[in-house]
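Below: the structure, in structure tokens.
The values are calculated or read from the model by the stated rules, or taken from the named source; none is laboratory data. Predicted model only: the values in this text are computed from it and were never measured. No Cβ is skipped: glycine too gets one built from the backbone with ideal geometry, and neighbour counts run over all protein chains shown.
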Amino acid sequence: MLLHDLAHCRAGDKGRVATLTVVPYDDDAFPELVRALTAERVRAHLDPWVAGEVVRHELPLVCALQFVCTDVRGGGVTVSTALDTHGKSLSSRLLAIEL
Amino acid sequence: MADPVARTTVRIGAGAGFAGDRVDPAVDLAAHGALDDLVLECLAERTIALGQQRRLADPDAGHDPRLHARLAPLLPVALERGTRVLTNMGAANPVAAGRAVRALLDDLGARASVGVVTGDDVLDVLDLDAPALEDGRPLREHGEIVSANAYLGADAITPALEAGAQVVVTGRVADPSLFLAPLAQRLGWAPDDVDATAAGTLVGHLLECAGQLTGGYAADPGRFDVPDLARLGFPFADVAADGSAVYGKLDGTGGRLDRHTVREQLLYEVTDPAGYVTPDVLLDLRGVRVEDAGADRVRVHGARGRPRPDRLKVTVGHRAGTRVEAEISYVGPGAEARGRLAADVVATRLAGLPLAPRIEVRGGPEDARLRVAARGEDPTVLDAVGHEVEALYTNGPAGGGGVRVHRTPVLGVVSTLVPRSAVHPRTTILEAVGAAA
């Protein structure tokens, strides 16, 4: 199963830091996400687009996981030579992760 | 005029979530939303540096170039209904923006007064030896500095509201502060009430990207379906004096507003859910609850706050050369292999030049597009990137087509912190011609 089957995701960007918000379609699936979608797995999956560390925050009241990714490849929105200078497409890359 | 008696609820709407946003949903919301306040957030991090460059060329420029196109259809509708309008479209030149709004209102015969908030521009007083937050290197080592703007807070906007301004134009202020200021003024929240300030900041955080709360940026056919996306409605919030809020959008508009769209936006660009920093407060989102409250209605409550930071964040814009991007396509059998061969040819041809080009073959096996991108200072070197991709027409693999070459001046952005004492917000009220001062 792909994360795409279970959850939706939004990317935000702050310079070379990207945030990825993962929310399950079904609130009952949140514990499964907490178990399966570790920071280490996300970091490995997003390599090499994310070169720095990935920190995970759990927000159980809203059934959301927040991943804060540092050193997003390309140098941030303003000076990057990447096609997606913001890193906005990282959200869809993350949804391709196999659970 | 400040409300003589504090209100019990305020309805505040989002009329733009970025500089390129649509105009018609804002006009629709102003016409039919029964709003007290409408906020148009149009100023991204880098936008002000671009504006500063235009201002250097023309002292009357530097504000949002779409200011007139956005406000001309909106202001008559909003003002007729008694809705105040707040926007950061002043960008690098709030004074010129205020004059442009004044002229627009005079043309309409509108007597409404315009409040202009300045003082965010700290370029003249910035210590260029201070370290950038991003890399610790002194600011001056990041290329020629062209702009430096402090994020002002709600306290910079309040005087214009207290003076009765019905349109408020700012430069750099924190996005949520544009919402917090009118909420606090109408609901009678004191600046040191950290939980109320946090609640108002959360309203601003959720509304500031406009359509991103109502299903924009979320649609994923078959998974996350959003009805009538082409007519996405912008959101509003009914905010109670206790800081809780019910979010909605106009009946008959496209989009979708439910706990899913709100949860995504709740954490958008939040790097620390325990302490989202604004000039007004440290917003703690950990206790926030998001509850479906009917069709396209969501109730949000539970924000907590801690006292505002002692220092203000400053965004510093610097020149960072020029970016060149050149592309060519290959289709049909073997397209990907021809794309990779083209990439090898370009890499060989550009080797030895002082640049670090990004060379990538995008697309699939039968429709591949070579993209070569580089950033640098030397125009001759940058020209070589476009020339080498274009030369693939007659010198490269079979069937290459669709060459496009783009050059864009690049402005970089870094940040630093300054003490509040270094920043002096000011308010100017522009009355209608012939009005008593």
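Condition check for B:V262 on (1) surrounded by fewer than 24 Cβ atoms within 10 Å (Cβ to Cβ); (2) away from chain A (no Cβ under 12 Å); (3) touching a helix residue (DSSP H, G or I) at 6+ places or on another chain (Cβ under 7 Å): one failure, at (2). Within the stretch B:267-282, residues that are over 20 Å from B:T158 (Cα atoms) have Cβ atoms under 6 Å from residues that are in a loop (DSSP other than H, G, I, E, B) and of a type in the set (K, R) in these pairs: B:P273/B:R286; B:A274/B:R286, counting only partners at least 6 apart in sequence or on another chain. For the stretch B:361-385, filtered to residues that are in a loop (DSSP other than H, G, I, E, B) and more than 14 Å from every other protein chain (Cβ to nearest Cβ), the residue that is farthest from B:A342 (Cα to Cα) is B:D378.
Restricting B:T278, B:T315 to residues that are of a type in the set (S, T, Y) and within 11 Å of chain A (Cβ to nearest Cβ) narrows the list to B:T315.
Of the residues B:G211, B:G216, only one is in contact with a strand residue (DSSP E or B) (Cβ under 7 Å, 6 or more places away or on another chain), part of a loop (DSSP other than H, G, I, E, B) and either surrounded by fewer than 16 Cβ atoms within 10 Å (Cβ to Cβ) or in the same structural domain as B:V298 (by TED's automatic domain parsing) (or both); which? Matching residue, one of B:G211, B:G216: B:G216.
Condition first: assigned to a strand (DSSP E or B) and either over 25 Å from B:G321 (Cα atoms) or polar (S, T, N, Q) (or both). Now tell me which residues in the stretch B:386-416 satisfy that.
Residues of the stretch B:386-416 assigned to a strand (DSSP E or B): B:401-416.
Residues satisfying the conditions are B:G401, B:G402, B:T408, B:S415, B:T416.
Within the stretch B:143-155, residues that are within 19 Å of B:P419 (Cβ to Cβ) sit with their Cβ atoms under 7 Å from residues that are buried (at least 24 other Cβ atoms within 10 Å of the Cβ) and among the acidic types (D, E), at 6+ positions apart or across chains, in these pairs: B:N149/B:D120; B:A150/B:D120; B:L152/B:D120; B:G153/B:D280; B:A154/B:D280. In summary, B:G252 fulfils each of the numbered conditions (1) in a loop (DSSP other than H, G, I, E, B); (2) within 14 Å of chain A (Cβ to nearest Cβ); (3) not β-branched (V, I, T) with the single exception of condition (2).
Counting the residues of the stretch B:219-243 that are in contact (Cβ under 8 Å) with a residue 24 or more places away in the chain, among the aliphatic types (A, V, I, L, M) and not in a helix (DSSP H, G or I) gives 6.
Going by the conditions given, is B:D60 surrounded by fewer than 21 Cβ atoms within 10 Å (Cβ to Cβ) and either modelled with pLDDT of 95 or more or outside any helix (DSSP H, G or I) (or both)? Here the answer is yes, as B:D60 does meet what is asked. Here the condition is being surrounded by fewer than 24 Cβ atoms within 10 Å (Cβ to Cβ), more than 11 Å from chain A (Cβ to nearest Cβ) and under 18 Å from B:D36 (Cα atoms); of B:A245, B:A240, it holds for B:A240 alone.
Take A:A64 and tell me if it is farther than 26 Å from B:P409 by Cα, touching a residue at least 24 places away in the same chain (Cβ under 8 Å), of a type in the set (A, V, I, L, M) and in contact with a Lys or Arg (Cβ under 8 Å, 6 or more places away or on another chain).
Details: farther than 26 Å from B:P409 by Cα: yes; touching a residue at least 24 places away in the same chain (Cβ under 8 Å): yes; of a type in the set (A, V, I, L, M): yes; in contact with a Lys or Arg (Cβ under 8 Å, 6 or more places away or on another chain): yes.
Criteria met by A:A64.
Selection of the stretch B:280-314 for residues being within 14 Å of B:R259 (Cβ to Cβ) and surrounded by fewer than 24 Cβ atoms within 10 Å (Cβ to Cβ) yields B:R289, B:E291, B:D292, B:A293, B:G294, B:A295, B:D296, B:R297, B:R299, B:H301, B:G302. Kindly establish whether B:D106 is charged (D, E, K, R) and modelled with pLDDT of 95 or more. Yes: the conditions hold for B:D106.
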